[in-house]
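Notes to accompany the following structure.
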């Protein structure tokens with residue numbers, strides 16, 4: 001799959017990797033995902049990212065149990081992604097407004113300083129397509145004016161891929 005806007009992202013990622021030294025090692029998050037995708041290792045990258053950066057073992061364990069039919073790594077319209085965590089707006093996991101704002105602001109500041117966040121990770125495991133990792137990144141990207149962003153889709157249901165590309169082409 002051709003990587004859209006690769007030159008723009010490559011320059012931003014190079015700068016990002018050179019300058020990012022925050023509370024955990026953000027080295028190569030987006031660049032690493034792009035490279036892993038080129039080498040057909042995006043699933044391995046996703047599991048490693050979730051384990052090492054996010055400490056999201058519940059999702060990792062679920063990924064390992066499932067038969068994933070398709071993996072897609074594409075720039076996807078942010079408005080078409082359904083969050084699962086948020087401040088009482090119908091999300092599956094409710095986070096206090098104070099905590100939500102605090103965590104989103106961290107990503108907003110990073111984006112403002114040209115630090116591109118890791119891809120958003122979405123699945124169709126429990127319901128229709130939804131974000132399983134990257135809810136705060138998603139919100140910060142929207143607030144920063146992004147319309148699309150790199151998203152890793154782990155799809156169990158082949159019908160989900162059709163729905164995915166219906167949104168992607170709009």
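The values are calculated or read from the model by the stated rules, or taken from the named source; none is laboratory data. Not measured: the values here are computed from a predicted model. No Cβ is skipped: glycine too gets one built from the backbone with ideal geometry, and neighbour counts run over all protein chains shown.
List of remarks:
- Matching residues, the range 132-153, being buried (at least 21 other Cβ atoms within 10 Å of the Cβ), in contact with a helix residue (DSSP H, G or I) (Cβ under 7 Å, 6 or more places away or on another chain) and without any contact (Cβ under 8 Å) to a residue 60 or more places away in the chain: 136, 137, 139, 140
- Among residues of the range 49-69, those that are farther than 17 Å from residue 131 by Cβ and touching a helix residue (DSSP H, G or I) at 6+ places or on another chain (Cβ under 9 Å), counted: 4
Per-residue answers, yes or no, for (1) within 19 Å of residue 37 (Cβ to Cβ); (2) in contact with a strand residue (DSSP E or B) (Cβ under 9 Å, 6 or more places away or on another chain); (3) surrounded by 14 or more Cβ atoms within 10 Å (Cβ to Cβ); (4) at pLDDT 90 or above:
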site: 64; (1), (2), (3), (4): no, no, no, yes
site: 87; (1), (2), (3), (4): no, yes, yes, no
site: 92; (1), (2), (3), (4): no, yes, no, no
site: 96; (1), (2), (3), (4): no, no, no, no
site: 125; (1), (2), (3), (4): no, yes, yes, no
site: 155; (1), (2), (3), (4): yes, yes, yes, yes
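- Verdict on residue 100 being crowded, with 20+ Cβ neighbours inside 10 Å, free of Cβ contacts under 8 Å to residues at least 60 places away in the same chain, more than 18 Å from residue 37 (Cα to Cα) and out of contact with any helix residue (DSSP H, G or I) (no Cβ under 7 Å at 6 or more places or on another chain): yes
- Residue check, residue 75 outside any strand (DSSP E or B) and either surrounded by 13 or more Cβ atoms within 10 Å (Cβ to Cβ) or at pLDDT 85 or above (or both): no
- Qualifying residue in the range 32-41 (condition: farther than 27 Å from residue 143 by Cα, at pLDDT 90 or above and in contact with a helix residue (DSSP H, G or I) (Cβ under 6 Å, 6 or more places away or on another chain)): yes
- Among the residues of the range 26-55, those identified as over 13 Å from the mean Cα position of the chain (by Cα) and not in a helix (DSSP H, G or I) are 26, 27, 28, 39, 40, 41, 55.
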